[in-house]
Structure formats: C-alpha cells, structure tokens
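Let me begin by presenting the structure, written as structure tokens, before commenting on it.
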Amino acid sequence: MYEWWKDEVVYQIYPRSFKDSNHDGIGDIQGIIEKLDYLKELGITMIWICPVYKSPMDDNGYDISDYYDINEEFGTLDDIDELIKEAKKRDIKLIMDLVINHTSDEHLWFKDAISNPNSPYRNYYIFKEGKDGQAPTNWRSVFGGSVWEKVPHEENMYYFHAFSKKQPDLNWENPIMRKDIYKMINWWLEKGIAGFRVDAINFIKKNQEWCDGPVDGIDGLCNCFDYSRNIPGIEVFFKELREETFDKYHCMTVAEAVGVPYDQLDLFIGKNGCFTMMFDFNYSHIDITKNEDWFPPQPWTFKEYKEKLFSSQKEIAKTGWSASFLENHDMPRSMSRLIRNKEERTPKTAKLLGQLFMFLQATPFVYQGEEIGFLNNERQSIDEFDDLNTHAQYQRALNEGYSEKEALAFINRRSRDNTRSPMCWNDQKFAGFSDVKPWLGINEHYKDINVEAQINNPDSVFSFYQQLIALRQNPLYHHTFVDGEFMPIDTEEHVIAYIRKSDSQTILCIHNIQNKKTTYPIQQDFKVLLSNEDVILEDNKIVLGAYQAITLLL
Ligand code: GLC
Ligand code: CA
C-alpha cells in the first residue's frame, strides 16, 4: 500500500501557546483555525496538535481525564470538527496526540479504581502492595521521586506512575482496558483525522518481576527506564494495537519513543512494526545525561553530533521510516541549544539548521516558531516557569548541592518552557498572541523575532523555510528527497554534508556550522537549488561562508 505519509511536511502546534481567540490568555482551537492560512502560506501539509482533551493540566494536557471531550479552555468537539474541515479545505491534514501510557488521576476510571479496591477499573491501572513498609520497588519516575504513590485509606497499597503522580500508568496487561483504549482510538479516527503522534509509547510494558534496581542517585532510587521502557513483550501489545486500530484506517502514526536501541527498531517501524514512523532522540539528546537529567551540562562536539545524526539516518533506513525534527515542546530552541555563542544565533544560522533537517530522509516536523528562528527566553526566577518538569529538575539540582544560581542556569538552558512560550505574531503588546496577559510570559525577543516582521521579507527565516518546504515538495525533486538514498560525506568537523541520490538525480546538501569561512572541493558542474547566501566558486572549490547552507543539484 502507498505510504502516503512520506510525502508530508508536518507543523507541530502547542495549542496553549499558538493563538488565543477569546481573550483569556490561553491559545485555543479557534486560534489555530484563524492561522490556517498562515500555515498554508508556509507550505506545510499536516498539523500535529499537542493534547487538547479534557485535563486538569498538571502536565499541560498529557494528563487526560476524558479522551472523548475537549478541555474547555481549548474549545469543544465542534471546534475540532471545524478544524478538520477548515484544514481539509486547504489540503492540510490533522494528527492528534495519543496519550495511552497513562491517564490523569482525575479520569473516571482512576477515581473509581483508587476509591474502591473492588472497582472494575482497579485492574485498569497498576496497584501493588509495598514491601517491608516501603514502596514495591525503588524506581525513580521520569519527573523525579518514586514511581509509586501511596493509596490513601488503604494499608500498604501503592499505584504506579512513570511520569507525575497525577499521571497513573494504564495496565496494558489487562485486555479489557486495552479494548477500551482501542474503542477510543477508532472513535477519533472515524472523525477523519489522519493519524496520531503516539506519546511515550515504549513505556506501556513494565518488567513484571518488580525487582529493585541498583541505586544511582542521592535520592536512594534507581532510574525506572530499565524496568519500564522497551521491555520484551511490548511487541505483543504493539501488534494488537496496530491490528485493532491503525491498520483499519491506513493512518499515519509517529511514535515518541526515547531510548530505543537500534536493534529494536523493527518492533516500532519494521514491516510488522506498530508505527509508520518514529522520532529518534539519539542525536537530539546529545546535551543531556543518560538518565535524561538536564544537569550538569554534557560536553559534546559537532563531530559527535554529526556521527549520531548520520548513524540515525543509516540505521532507520535499514528498517523503516523516520520523522526528523529540530525542536519540539519538550526541548529548548535549537539555536540556543546547538549554537554556543550567542552572537552566532542569527537568521542565517536558523536557515542553516532548517536546511540540515529538511532534507534528511524522513518526514520533516517543524515546531511552531522554528520557522521564524525563535530563541530561548532567559527567566530571572523559578517562579516564572510553568512546566512541572522544570520545577522538578530545579529541585533536584538544589538537592544535589548546586546553588540557586546554578540551578536557574540549568533550567534556563533546558526548560521545556523555552518552546512553550506564546507564539510571536507581531511586535505589539503580548506579541499578537492575545490581548490579555498570556498564561506564560512572552519571549523577550518578540520585538525582533515575530511573524509580521518576516512574512513579507524575502530574506527572512520564514521565507527560507517556505523555500525549503517548496523545494522538498517540488515534483522535480520530491522523489529524490523521499526515496533517494542518504549518503553521508566525510568532511571537516564543522561541515555537515550529505547526498540524496535517486536513479535519476543527485542532490548535495552542505552546511558550514561555524563562524568562519572554509572551502568545499567540487569537481563537477552543478546547479544551485537553494542557499542562504551567494554561492562562490574558486578553483574547483566552493567558498563556504560562515554558517552558509547550500543545496546543489549535481
Ligand atoms: C511525552 C510528552 C511530554 C510529556 C510526557 C508524559 O514525553 O512529549 O510533554 O510530559 O510524554 O506524557
Ligand atoms: Ca483562549
């Protein structure tokens, strides 16, 4: 069957921060509808919206209390239907976020399960007795603290949560629970959405031996990843999930699965794997610790980054298809993260990073604001942050003996609020996002970096992203960008170059990621398809300017 999703260019929307249409300082579905023409102009073909379902918003919607309804502040189910319809008019597809590793503790299933040991929903979650007066295991949750939370009014009983304690994990061992989840998935697919981004899906199988692990922190706990992520047996759940839902609709599914070893890619994206594509985090996590702590900062070089990026392309091509991304709502802005010298975080650099990712062998994902070259936002105190993981990481840094100043520097660098601050549409008060004070502070750079300042400027980052997308989608080259082989080129450390080669075409992409000139030897004739600066040729060498990016047809 035709793998239509390879042809898409996806735009990720963080609904809370995209556009407020009803003056409450919170982005909403009508706000997205207002901006569909903008997205059409950019050239994307699909949007992925982060969760808008009913939720107490402990983790900004990744804690769902009703899968069949929309959180009031975002709108209604009718608004979703309208979004699907309006997007379709513009040939834009919609994928939703699918959060099925856990629900909110305010979901009716969980409320019943925790208040009544005989509830039919008890087995929808993971309840376990403690041992020796302590939690069942010594595992640490992703956001810090034990994965076990004590059940009130019951002696020695705990429930499991891999993320926050307001996100109890569903018990995938229970076939009745699974059926309920499939019913919900199919209900959404029936609405005419094109598929899902599937949240934290490699967590659904837990090691059933429930044994302690070796303590690896001053909290006396052990990272839960080895016991609750990529656990053998997960493939059985994957197979059933796919057959009961996705397969029936030939829909697109992109797995969010951190830490998948390359020899397990098959379960995810192989012929019989569960998903049509996945995000690979091996290169994007280059600056955080193995346990995914944001501190202390991890040293890395462009040589390592390039190796990881190339090996990701190579390994995924052996098995299936990937989804490339420079930014998402769980990461800081890419320029702030990858370009160490502040002065070098310029529009030209943003264009280079955009090109580096747009032409990989993958379905490209662009995160809101990336297309105008957004930067991180420096906040002065922990009180200015919203994200629960930011607060947790800050607290852990303090517990480990770092000063408040050091802890603040860590979170400013890595906080998820860096990509979650409201989208900047113009240089007016509240940046055109809203006319009242937004739920999270506006990015300090909004006077210089905003949509209005860029949209009609042919030299802007926005215009370059338009050209990148148009080039990838151009029928003359599209087949090479999609099906062409990815061939890494061996170059000096700060030059990342690769070839995309099909039967009929060879396209060369060169990126000089440094603040100085260098040269790139070239023997044959070429045609420039795109560049962020004039291309200069001297004695069979291209003179690469600082942060120059070039795409050539050979
Ligand atoms: C995923 C989401 C993240 C969320 C977590 C728990 O990693 O991208 O935002 O906090 O899952 O649902
Ligand atoms: Ca609103």
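The values are calculated or read from the model by the stated rules, or taken from the named source; none is laboratory data. Everything quoted here is computed from the prediction, not taken from an experiment. Glycine gets a Cβ as well: all are built from the backbone with ideal geometry, and neighbour counts include every protein chain shown. When the accessible area is computed, the model is the full protein with side chains, heavy atoms only, and any ligands, DNA or RNA have been set aside. Shrake-Rupley method; radii C 1.70, N 1.55, O 1.52, S 1.80 Å.
Residues in region 402-421 that are within 16 Å of ligand 1 (Cβ to nearest atom), among the charged types (D, E, K, R) and not in a loop (DSSP other than H, G, I, E, B): R414, D417, R420.
Inside region 1-101, counting only helices (runs of 4 or more DSSP H) that do not spill past its ends, which hold 2 or more residues that are away from ligand 2 (no atom under 16 Å from the Cβ)?
36-42, 77-89
Here region 12-26 is the region considered, the condition is being more than 16 Å from ligand 1 (Cβ to nearest atom) and in contact with a helix residue (DSSP H, G or I) (Cβ under 9 Å, 6 or more places away or on another chain), and the residue that is most open to solvent (accessible area, probe 1.4 Å) is N22.
Right, P458: in a loop (DSSP other than H, G, I, E, B) and open to solvent by less than 10 Å² (accessible area, probe 1.4 Å) or not?
Working: in a loop (DSSP other than H, G, I, E, B): yes; open to solvent by less than 10 Å² (accessible area, probe 1.4 Å): no.
Against the criterion (in a loop (DSSP other than H, G, I, E, B) and open to solvent by less than 10 Å² (accessible area, probe 1.4 Å)), P458 does not qualify.
Looking only at region 311-331, residues that are surrounded by 19 or more Cβ atoms within 10 Å (Cβ to Cβ) and more than 16 Å from F365 (Cβ to Cβ) come to 1 in all. Taken over region 299-324, the criterion of being touching a helix residue (DSSP H, G or I) at 6+ places or on another chain (Cβ under 7 Å) and either within 21 Å of F410 (Cβ to Cβ) or assigned to a strand (DSSP E or B) (or both) is satisfied by S322, S324. Against the numbered list (1) without any contact (Cβ under 8 Å) to a residue 24 or more places away in the chain; (2) surrounded by fewer than 23 Cβ atoms within 10 Å (Cβ to Cβ), I449 comes up short only at (1).
So that you can scan it fast, the table gives a plain yes or no per residue for (1) over 25 Å from the mean Cα position of the chain (by Cα); (2) assigned to a helix (DSSP H, G or I):
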site: D212; (1), (2): yes, no
site: F237; (1), (2): no, yes
site: D247; (1), (2): no, yes
site: T253; (1), (2): no, no
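Apart from one condition, Q524 fits all of (1) at pLDDT 95 or above; (2) open to solvent by 10 Å² or more (accessible area, probe 1.4 Å); (3) over 27 Å from the mean Cα position of the chain (by Cα); the exception is (1). What are the residues in region 461-488 that are in contact with a Ser or Thr (Cβ under 7 Å, 6 or more places away or on another chain) and either surrounded by 21 or more Cβ atoms within 10 Å (Cβ to Cβ) or on the phi > 0 side of the Ramachandran plot (or both), if any? The answer is T480, G484.
Among the residues making up region 332-358, those that are assigned to a helix (DSSP H, G or I) and aliphatic (A, V, I, L, M) are M335, L338, A350, L352, L353, L356, M358.
Considering region 219-257 alone, what residues qualify as being β-branched (V, I, T) and either open to solvent by less than 10 Å² (accessible area, probe 1.4 Å) or modelled with pLDDT under 95 (or both)?
First pass over region 219-257, keeping only residues β-branched (V, I, T): 231, 234, 236, 245, 253-254.
Scanning region 219-257 gives I234, T245, T253, V254.
Looking across K206, K179, one residue alone is more than 22 Å from the chain's Cα centre (by Cα) and surrounded by 22 or more Cβ atoms within 10 Å (Cβ to Cβ). It is K206.
Hey, does region 50-65 have a residue that's within 13 Å of I92 (Cα to Cα), open to solvent by 10 Å² or more (accessible area, probe 1.4 Å) and not aliphatic (A, V, I, L, M)? Within region 50-65, none of the residues are within 13 Å of I92 (Cα to Cα), open to solvent by 10 Å² or more (accessible area, probe 1.4 Å) and not aliphatic (A, V, I, L, M). Of the residues making up region 187-210, those that are among the acidic types (D, E) and in a loop (DSSP other than H, G, I, E, B) are D199, E209.
Looking only at residues in region 128-152 that are among the acidic types (D, E) and under 17 Å from D169 (Cα atoms), which one is surrounded by the fewest Cβ atoms within 10 Å (Cβ to Cβ)? Can you show your working first?
Of all residues in region 128-152, those among the acidic types (D, E) come to 129, 132, 149.
Narrowing the set further to residues that are under 17 Å from D169 (Cα atoms) leaves 129, 149.
Numbers: E129: 11, E149: 19.
Here the residue is E129.
Residues of region 100-127 that are within 20 Å of V52 (Cα to Cα) and either of a type in the set (D, E, K, R) or surrounded by fewer than 14 Cβ atoms within 10 Å (Cβ to Cβ) (or both): D105, E106, L108. With the condition kept exactly as written, say whether any residue in region 483-506 is touching a helix residue (DSSP H, G or I) at 6+ places or on another chain (Cβ under 9 Å), under 22 Å from W321 (Cβ atoms) and part of a helix (DSSP H, G or I). Yes, the conditions are met somewhere in region 483-506. Pairs under 9 Å by beta carbon, first residue closer than 30 Å to A323 by Cβ and touching a residue at least 40 places away in the same chain (Cβ under 8 Å) in region 196-220, partner among the small types (G, A, S) and surrounded by fewer than 17 Cβ atoms within 10 Å (Cβ to Cβ), six or more apart or different chains? Final answer for the pair search is N202/G259.
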